[in-house]
Structure formats: C-alpha cells, structure tokens
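Engineer: Here it is, the structure, as structure tokens.
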Amino acid sequence: MAIEYLGLKQIDGPLMVLEGAKDLSYEEMVEVTLSNGEKRRGRVVKMDENAAVIQVFEGTSGMSLTNTRTAPQGKPMEIGVSREILGRTLNGIGRPIDGLGDVYPEKMVDVNGLPINPVARQYPKNYIQTGISAIDGMMTLIRGQKLPIFSGDGMPHDALAAQIVRQAKIADEENSDFAIVFGAMGVKHDVADFFKRSFQESGVSERVVMFLNLANDPVVERFITPRCALSVAEYLAFEHNMNILVILTDMTAYAEALREISSSNGEIPSRKGFPGYLYSDLASLFERAGIVDGSTGSVTQIPILSMPNDDITHPIPDLTGYITEGQIVLDRELNLTSIYPPIGVLPSLSRLMKDGIGKGYTREDHPDLANQLFASYAKVSEVKALASVIGEDELSELDQLYMEFGREFESKFINQAKNESRSIEKTLEIGWNVLGILPKEELDRVDNDILERYYKPRRGEQ
Amino acid sequence: MAEKIHGKICAISGPVIEVVGSDRMQMQDMVMVGKEQLVGEVIALRNERTVVQVYESTTGLKTGEEVVSSGTPMSVVLGPGLIGNIFDGIERPLRVIKDKTGNFIGRGTQVEILDSKRKWDTHILVQAGSLVSGGDIVAEIQETPFIVNKVMVPPGISGTVEHAVSDGSYQNSDVLSVIRDEHGKTHDITMCQSWPIRTGRPYHKRLTIDRPLITGQRIIDSVLPIAKGGAAAIPGGFGTGKTMTQHQLAKWCDADLIVYIGCGERGNEMTQVLDDFSKLIDPRTKRPLMDRTILIANTSNMPVAAREASIYTGISIAEYYRDMGYHVAIMADSTSRWAEALREISGRLEEMPAEEGFPAYLSSRLSAFYERAGYVENLNGSEGSVTIIGAVSPQGSDFSEPVTQNTKRFVRCFWALDKSLAYARHYPAINWLQSYSDYLDDLAPWYSKNVSRGFIRARAKLMNILQVESKLNDIVKLIGSDVLPDEQKLTLDVAKVIRQGFLQQNAFHENDTYVPMRKQYQMMDVILHLADRTREAVSKGVVCSALRATGIFEKVIRMKYDIGNEETDAFDRLKEEIDTICSDLTAKIS
C-alpha cells in the first residue's frame, strides 16, 4: 500500500487542506478514509510547496482535522471502460448503483480526455432523421454534432429528448453499433425515472449507459459526471466504432455546481458569479463530440439546459451557444398554445445542416425550402407585431396571408404527436403545402427550377 | 545562445505555476516545465518567485519539478513551409503532432516546427562584399506556385556579406550567407529566423491607406469597405454568422496570403476550413485556396494559455510575409476568446479585475494588437500590408460589453451582425444601419478611378433609400403599409430590392458567392435606375400595385443569380426592360 497521511490542516466547505504531502501531483486523485472506515474520493485542485487543496467529492460532513487518512492515488481521475458497461446504471462518478456488481474494465481512461486534433477530425455530414419535422426540416441533426436543447422550467424538453432517442434513424441502420450514453446532473428522481422508463419502452435499455447524479447527490460529483459519460462515449465510439448519442441533462445544474466549487475555491467571479473559465470548461465537454480518422463511430451530443428565467442571454445558454453547433430553442408561447414540440424555429439553428442536406443527402429542394420557411416565418412575426397594434382585420391582404401561413406552419408543420415519426419526404411535403398559402412572388429564397417542380399555390395562379 | 536558467515548481493553480530559485529569469522568457517538457512563458516576477503560464494542461505536474528557461522570449520560427500548414497556438504543426500522438493531442509533444529535411530550390541574390542591412533580401525560394519566399536579413543585423553560397537546393538549417557587422561579429543567415511574438516586426514607415481589400461581398466592398492595412471587427451573437463571414472573406478577399486564427472556436470549423480550402480554387491563381492560407488552431478545448498566444503567433507570421512585400489578411475568430483567456490568466494571478472581471489592461492589449495592422514600406523598400479582421463574440449579444466597446475604439470598420437578420436567414447579417466604415473617404479616390466615377454617389443614394426605409418602417409598425401614399410605398419596395437583391448574398450560389467590383457597381446602377424610373412613373399617377404586378422587382432581385459575373450587357437589357415597363404603365394612365 502506498503512503497515507494522517490528519488535515483545514476543512472548508467541500475543500480540505493537506499539509506536508510529498509527491502529490496536480489534479491527482486521493482516497480519504474516515475513522468509521468510510472511504471518499477527492481531487487536488491547487497546491504550493507546503500544502495541497483537495476537493472531496462526497462532501466533508463528518470529517475532522484528525480522523482522516489521505492516500494519494498517483494518477488523475480515471474510469474503467468496457463494452460490457452497456445496459448499466452508475452513479455520478462511475460506480455501479444497479446492484449488478463491478464493471470489469478493459481499459482505464482519464476522465478529462484529451483534445481531438483538428487535423484528425472528419467533418460531419450524415444526417440523422429524428422524425420530428421542426428538427429534420429546419435544424437538421448531423451525426457527430453537438446540438443542445435550450429549454425552460416546465417545458417538455425531456419528452422531446426521449422522442429523439426513440425515433432517431441512427438506430435502425445497424442496431448493433448504436448506443446511448445518458448523463444526469442534478436532476430530480422522477426525471431520471422518466428517461429510464422511456428507454425501456422503446426497447433500447440494453444499449444505454446511465450516469446518475441526482438533485440530492453531492454537488462536487456533478463536475465529474459528464466527464465520465463522455469518456465512455469516446471509448465506445472511437475504439468500438459505435454511433453514440450522448444526452446530458441538465447543463444548468452542472454550471451551477461549477460556480459553487469555484466560489469555495475563492476564485474571482466573472458574470453572474460564474467563474471566468466557464467557457473553457463547457468547451472541454462539448468539444468531445465528433468523428475522427480511422474509426467509423461517432459521438453526437444533445445536452439539455434550462434557461434561468427563459433568458437566452444568461451566461449558461449564451456560452453554450458559442460552443455548440447550433441550438434547439423551446418557446414558452408555443408551449402555452399546446403545440408540441414547442420549438421556437427562428432562434434555433443547426450549423452543420448546410453540408448534410440537399441533393445526395435529403432532397434537392430541402435547403431552399428551409430558407424560405425561415424567411417567411420571420416575416410572420413582423406582421403579428403589426396586427397587435392595428388589429388583424386591418391588415393588408398579403399580411393576412402571412398570418394564415404562420398559423398553419405552427399547427401543421411544427406540431406533431409525441409518438409520430415523420419521414423526411413527409416533412418536406408539409412544408411545401404550407408555403402554398403564400403567392409565388413572395418566395424569393427558392431557385426557379425548384419552385416550378414543388410549389403548388393554394389559390390558383396569382 | 543564451544561458539556460533552472528553477523549481513551488505552486500550481490551473495553467499558472510559480517557480522558485530562478531570480534571473526574465519577463516573457520561454520555459520548459517539468519532466514532460511543457512549454510555458514567464508572465510575472514577484517576491523572488517567477510566475509562469503553461501552454498545455498542467494535470499531473508536481511541486519540485524542474523548470528550465532558455533565456529567450517566446518566439515563432519563420521560414519557408509555413504556407498551407496548420499549427496550434504556439506554432506546433498539428499534422506532425497527429503522426506522433494519434487523433488526440498528447501533452509535452516535442515536434519540429518546419520540416528540416525538406530541400528548397534557392536562388541567391547577394555576393561576397555586398552591403546589407535588416530586411534586405538574401535569397528567394519558390514556396508555393504563387508565393516567393524571400530570405531576409533579420532586423537589427547589418554589415558586409562575407560569404554566400551559390544557387542550389538547401535545407532550412543550411547557412546561405555570412554577414560581418561593424563590430567584426559574424552572423549566419539561414532560411529561418525566430521572432518574439509580442513584438511587432519593424518597418521603414507607415504609408497612407488608400486601396480597398476587395472581398467580393457586396455589403462590404460597396457599402462598408475595408482598406488594405486596415482593421475591422465583426461582432455578433452566436448564430449570426461571424464564422461564415470570416470564411467568405478568407476565401475570396484579394490578399496574397491569409492567416486564419481559430482562437477558442469549434474543432469542426477548423476541419471545415481545411477541407474546403483544399478543394476550393482561388479565382485569381487557379490554385487551391490552401496554397495561400496558414491556419492557427487553438480550439475551445485546447489549453487556454495557448489561446492567448495564438493571436500573437498569427500576427507575427503575417508580418513576416508583409516584410517580403505581400498583402496579408488576418482573420481572428474570435478575439473575445482571447480576451477571456486574458481574464482567466489574470484571475489566476489574483489581479484586481476591472469591468466584468476583465483585467484593466484589456484595452491596451487590444489596441496593441490592432495597431499591428498597417500598410507599410518595409525595411527593404517593398510595400506590404497586414489587414486584421477580428470577430467579436459579445456576451449575451450585448454590444455594450467591454470587449466590443474596447475593440470599437481601435478599428475603423465595424460590421455589426444582427440577430433578427440572421433569424430571417438574411446573410451576411451585417446590419447596414448600425455598422460603419471610416475608410470610405480614404478609399473614395480609388473607387472613382478603378470602378466608376459615379460609384460614391450611387452608394450614397442607395444608403439614403435604406435610411428612409427605416424611418418609414417605424410608421408601418404602427399603422401598416397600406395607408402610406404611393411614393412611400414605392420607397419600401425599392428598399426591399436593395436588401434582398443587393445586400443579401448567397454564399452557396455559384454566381453569388463572389461578385467582382464591376458587377457590384452594375447591380447598384440597375437598382438606382429602377428607383428613378418607377418614381417617375408613380409621380405620373401609376400605382404601386400595378408596378408590383409586372414582376419587375422580383426580376431585379433575381439578377444576382440570373446574370453571371461576366455577362455585363445583360444589365443594359434589364435597364431597357425597366424603361419599357415604366413607359407602358405611364402610357396606360394617360
């Protein structure tokens, strides 16, 4: 057994200060043993020649300056990965909690991962059909993309994520190489249960790894949970050539945990008390999506975050939007009018969409159609604003058509049942049908040939 | 070679470490940290301790490990072989790193910056006895089919050439010539020189800025032009198309060389630049765009300290090619990440924060960076320029935040990206009312001479219509457009033509992704012709709806797609068509 150090210099919140430890290294893991035999894990977060500041994952309650023994592990936080981890449920720091015993590791990997060399990346181009019109048509999800859902309290982001998992066509191709890694940070028990149930119902639970850090689990663990999840995802994708869909929920709870840890470390806060490195830290998670050379696997991320007070300029959604390749924004107003999924189309975006749709991918008319729908729907919101001042009856004929278009776009295109899976052709067909309300000269984003072929005006030739 | 200085690590906090026993280390010295030989830089000296920022992850470092200073400041190696390559923030070639450590970037990877095995055909320009000084060209090497790399005497060295080799094939470490200075000291000149990244390379004098950087983007060239040697900022919230705009500029602008710095941005974007630029053909040289591009990639998950350095690495490389007489454009995407890296390091140093946690020296660092742009006469008499185009990612899309505000003070060209334009998929989403270009007056003579005498006036007219439109829109928002008099309705229609037919540009359309100046002017001309003729018709009693029914507005909007870049007479036909339509309608009235 390696060296153990008896006693501590100081305990403050989740941090403990160990004096006189020789040979500790930065970010090394330690095992802390309490006098009652309980073992906890910690990580070196700061050190100078005399002392090391160690963060205890399970919290410091019950610890005193004299009753602990600290054993350095000689390595940073690692997780044992193996193919057999599929179907298992683990806690926030990767220990099994499903009562099925330990996971026998094929390999130990550092949970922090290493940055992917941009030269080794493959630019993601294959689209994933989710069967949800708003997503497939307007913000197409691409294999290897990171596309978060920006939501708010009380909105159906969980149902939407579950529907994506259920319907994603990534699953149908070759069932064997598809898996889901689910990381829950600070979510409620019933949310975790909801996901567990929906995985079971859709018959994929054998291909799901769940990392659960629930709302009442230690905050410090929350820092490790997504890293464990992504390490497993990377291992399965890049060494076993599997297509992995990673769902991380709720990133807001993660960022808040980071803030809590940062402030207990006495760091200088920047916006809203979040640490200055929130961007870098979130990036170190989100950038672990992609496709690399020499492997046919992929890591696709759908992080879910709730926007505090529905404010998209809050630091968490704001910084996330700068890192991820687009965002799916849920809209409270649509949700109130019982439209499901309540996807606010205008602020939503998929950056990788342009290279993964169109001829050879989805259908030739898809890019123009999507552009036109965006442009026309943007016009609808202008018209709505006007209507709220002068009343809808006073609108010009064209503006009235726009109002009608807006209503149908929301109720026919965006709106669909929770178990309805639309093919891409169906989605595009609905799109053209709704556009048929508008006269031809309003469709300035569509190429003439495509207009000839697909546009069918509702009111004869205008 | 400077003497090596040793010290020992005594404290670690993130990327910042403290070193004792090294009081002779100097500010900005480059150091090697620990067993793994991580690269770092001295950033402060306090209380007998040296503070070092480490350009790689510090996980696993221990107190007591050795730190060695080379005694030289953090530098880049400049020489042939930079073009077409992709480097990390401290100029390590990523392709070589991949060969060494695989798909993921390992730590402490020691790699050669430029391939020393490669032989270059060298044409020697000096002979024994010639007098040379800093910046003078000693030899020429064909680096790419269109770029001749000029081997220059490093700044600060002058004297008599004592010896020069003859033309032939050499490696980058071979001595091409030996110079003896006035003190009798000899200096070996090779293809490579190293340069401290935080110091601007010297030039003879700054020249007046008087020619534009032509980008093929209408809203930039015709409305908000940037000068060669100027500086521009592109601020915009996420999803407004900063990166797309940067990519478009990097693809089509008429600089000789592009240095593209991906500073704290997405990995896939760098991959996309690599993929696209290797395939896309430069319209001027008919070679892949990669042949004129140098990429610096510090993606958002790569170490934060190297992010701070990446900007300086990029600009030093740009200045090196400027010294050879080239026009270089730098795309820095995004300077906000760089500012945040400053903030993070500053926080670790426990410095007193100023606005929003940014250090008080944010503004001076930004100004020092943007001032490295310029159109200059080099030490060797040639002319060259560095143009800086920096993206800014304002927190919460709020342009009043410190980075945007401080940047605004040091650039003369401000291309503000607008969320509502981006939502309507109007790209480039540059808001024509919020943006400005201060270079317009400087460049006016160039436009009059090279594009058309009427250019500046046409531009002003165009902008005027848009200005009137924005005022009218305030009214329309309240009462709807139906109640406006026909003249004002017409202004709205024409403004729509300007917005959709001229300002909006489709990066994915063959005819529209790059538009030469001549066509840009002709398009303006047609739109103004349309404005004049239709106004005439309306004043004679023609109603707007009748004009709309002819479909002429749509036809003009579509001219960007329908008329190829070289079909110049099609514009005259379009003008004739406008004339016919307007006179027919007027005839019907009377």
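Engineer: Subtracting the Cα-Cα distance from 0.36 nm times the residue separation, let me have the gained length for B:Arg548 to B:Asp174 in nm, one decimal.
Structural biologist: Roughly 127.5 nm would be gained on extension.
Engineer: Still on this model: Taking every residue in A:438-448, how many Cβ atoms of other protein chains lie within 10 Å of its Cβ, on average?
Structural biologist: Mean shielding by partner chains, rounded to a whole number: 3.
Engineer: A further question follows. Fully extended, how many nm does the chain gain between A:Glu31 and A:Thr296 (0.36 nm per residue separation, minus their Cα-Cα distance)?
Structural biologist: 91.6 nm
Engineer: Continuing with the same structure: How much length, in nm to one decimal, is gained on full extension between B:Asn565 and B:Thr513, taken as 0.36 nm per residue of separation minus their Cα-Cα distance?
Structural biologist: Taking B:Asn565 through B:Thr513 to full extension adds about 17.7 nm, to one decimal.
Engineer: Quick query: amide H of A:Phe57 versus all other amide H atoms, modeled in the peptide plane; which residues come in under 5 Å with a sequence gap of 5 or more or a different chain?
Structural biologist: The answer is A:Arg41, A:Gly42, A:Arg43.
Engineer: Please compute the contact order of chain B in relative form: average sequence separation of alpha-carbon pairs under 8 Å and at least six residues apart, divided by the residue count, as a percent.
Structural biologist: 13
Engineer: Would you mind working out the magnitude of the charge dipole of chain A relative to its Cα centre, with +1 at each Lys and Arg C-beta and -1 at each Asp and Glu C-beta, to the nearest 20 Debye?
Structural biologist: Dipole of chain A, to the nearest 20 debye: 780 debye.
Engineer: For chain A, find the longest principal axis of its Cα atoms and tell me its angle to the long axis of helix A:189-201, 0 to 90°, nearest 10.
Structural biologist: Long axis of A:189-201 versus the principal axis of chain A: about 60 degrees.
Engineer: Something else: Using 16 Å as the cut-off for backbone N distance, which residues of the range B:41-80 belong to the label zone defined by a point 7 Å from the Cα of B:Asp23 along Cα→Cβ?
Structural biologist: B:45-51
Engineer: At 7 Å along the Cα-to-beta-carbon direction for both B:Ala44 and A:Leu100, put a label point, then send me their distance in nm to one decimal.
Structural biologist: A separation of 5.1 nm, rounded to one decimal place.
Engineer: Relative to the longest principal Cα axis of chain B, at what angle does helix B:304-323 sit, 0 to 90 degrees, rounded to 10?
Structural biologist: 80
Engineer: Counting only DSSP beta bridges with both residues in the range A:5-75, what percent are antiparallel, rounded to the nearest 5?
Structural biologist: 100
Engineer: Structure shown: which of A:Lys272/B:Lys8; B:Lys100/B:Lys242; B:Lys242/B:Lys449; A:Lys46/B:Lys8; A:Lys354/B:Lys575 lie over 27 Å apart, alpha-carbon to alpha-carbon?
Structural biologist: The answer is A:Lys272/B:Lys8; B:Lys100/B:Lys242; B:Lys242/B:Lys449; A:Lys354/B:Lys575.
Engineer: Treat every Asp and Glu Cβ in the range A:79-355 as -1 and every Lys and Arg Cβ as +1, leave all other atoms uncharged, and give the resulting dipole magnitude about the Cα centre to the nearest 20 debye.
Structural biologist: Charge dipole of the range A:79-355: 280 debye, to the nearest 20.
Engineer: Which of B:Val483, A:Met353, A:Ala387 sits farthest toward the positive end of the charge dipole of the protein assembly as shown, with +1 on the Cβ of Lys and Arg and -1 on the Cβ of Asp and Glu?
Structural biologist: With unit charges placed on the Cβ atoms, the residue in question is B:Val483.
Engineer: Follow-up question, since we're still on this one. Which of the pairs A:Lys379/B:Lys477; A:Lys39/B:Lys62; A:Lys107/A:Lys188 have their Cα atoms more than 21 Å apart in this structure?
Structural biologist: A:Lys39/B:Lys62; A:Lys107/A:Lys188
Engineer: Here is a further query. I'd like the GluC sites (Glu not before Pro) in the range B:1-101 restricted to DSSP loop residues with at most 14 other Cβ atoms within 10 Å, sorted by number.
Structural biologist: Answer in residue order: B:Glu3, B:Glu48.
Engineer: Rounded to whole Hz and in sequence order, give me ³J(HN,Hα) for the range B:504-520 from the Karplus expression 6.51 cos²θ - 1.76 cosθ + 1.60, θ = phi - 60°, writing x for Gly and Pro.
Structural biologist: Once rounded to whole Hz, the list reads 7, 9, 9, 5, 9, 9, 3, 7, 10, 5, 9, 10, x, 3, 4, 5, 4.
Engineer: Taking amide H atoms as placed 1.01 Å from N in the peptide plane, list the residues 5 or more away in sequence, or in a different chain, whose amide H sits under 5 Å from that of B:Ser130.
Structural biologist: Residues meeting the criterion, in which the H sits 1.01 Å from N, are B:Val161.
Engineer: Where does the range B:243-389 land on Rg(C-alpha)/(2.2 N^0.38 Å)?
Structural biologist: The value comes to 1.11.
Engineer: Simple spin-label model, 7 Å along Cα-to-Cβ: B:Gln127 to B:Lys185 in nm?
Structural biologist: Using points 7 Å along Cα→Cβ, the separation is 3.0 nm.
Engineer: Of the beta bridges DSSP finds with both residues in the protein assembly as shown, what % are antiparallel, to the nearest 5?
Structural biologist: Rounded to the nearest five, the antiparallel share is 65 percent.
Engineer: Can you list the trypsin sites (Lys or Arg not before Pro) in the range A:325-421 that are in a DSSP coil and have 11 or fewer other beta carbons within 10 angstrom?
Structural biologist: A:Lys359
Engineer: Spelling out what I want: for every residue of the range A:405-422, take phi, set θ = phi - 60°, compute 6.51 cos²θ - 1.76 cosθ + 1.60 (Karplus), and round to whole Hz; glycine and proline get x.
Structural biologist: 4, x, 5, 5, 4, 5, 7, 9, 7, 6, 5, 7, 6, 5, 10, 8, 10, 9
Engineer: Another question, then. Taking amide H atoms as placed 1.01 Å from N in the peptide plane, list the residues 5 or more away in sequence, or in a different chain, whose amide H sits under 5 Å from that of B:Ala227.
Structural biologist: B:Leu213
Engineer: Which whole number gives the average count of other chain Cβ atoms within 10 Å of the Cβ atoms across peptide A:267-280?
Structural biologist: 6
Engineer: Hey, if you put +1 on the Cβ of every Lys and Arg and -1 on every Asp and Glu Cβ in the protein assembly as shown, which of A:Ser82, B:Leu94, B:Phe277 ends up farthest toward the positive end of that dipole?
Structural biologist: Selected residue: B:Phe277.
Engineer: Here is a further query. Apply the Karplus parameterisation 6.51 cos²θ - 1.76 cosθ + 1.60, with θ equal to phi minus 60°, to every residue of the range B:195-209 and state each ³J(HN,Hα) to the nearest whole Hz, in sequence, with x for glycine and proline.
Structural biologist: So the J values, rounded to whole Hz, are 9, x, 5, 8, 10, x, 6, x, 9, 6, 7, 7, 9, 5, 7.
Engineer: Continuing with this model, one more query. Mind checking the mean number of beta-carbon atoms from other chains within 10 Å of the Cβ atoms in A:348-355?
Structural biologist: What the average comes to for A:348-355 is 4.
Engineer: Can you return the aspartates and glutamates within cross-link range of A:Lys384? Criterion is Cα-Cα under 13 Å, with same-chain partners fewer than 8 residues away left out.
Structural biologist: Counting by Cα, and skipping residues close in sequence, A:Lys384 has these aspartates and glutamates nearby: A:Glu392, A:Asp393, A:Glu394, A:Asp399, A:Glu404.
Engineer: Oh, and also: When only alpha-carbon atoms count, how far does the range A:362-429 stretch along each of its three principal axes, as whole angstroms with the largest first?
Structural biologist: Its Cα atoms span 41, 27, 15 Å along the three principal axes.
Engineer: Only four residue types carry charge here, +1 at the Cβ of Lys and Arg and -1 at the Cβ of Asp and Glu. Report the dipole size of the protein assembly as shown about the Cα centre in Debye, rounded to the nearest 20.
Structural biologist: 640
Where a number appears in this text, it was derived from the coordinates with a stated rule and is not lab data. Since we're looking at a predicted model, the values are computed, not measured. Heads up, the Cβs are rebuilt from the backbone with ideal geometry, glycines too, and the neighbour counts pull from every protein chain shown.
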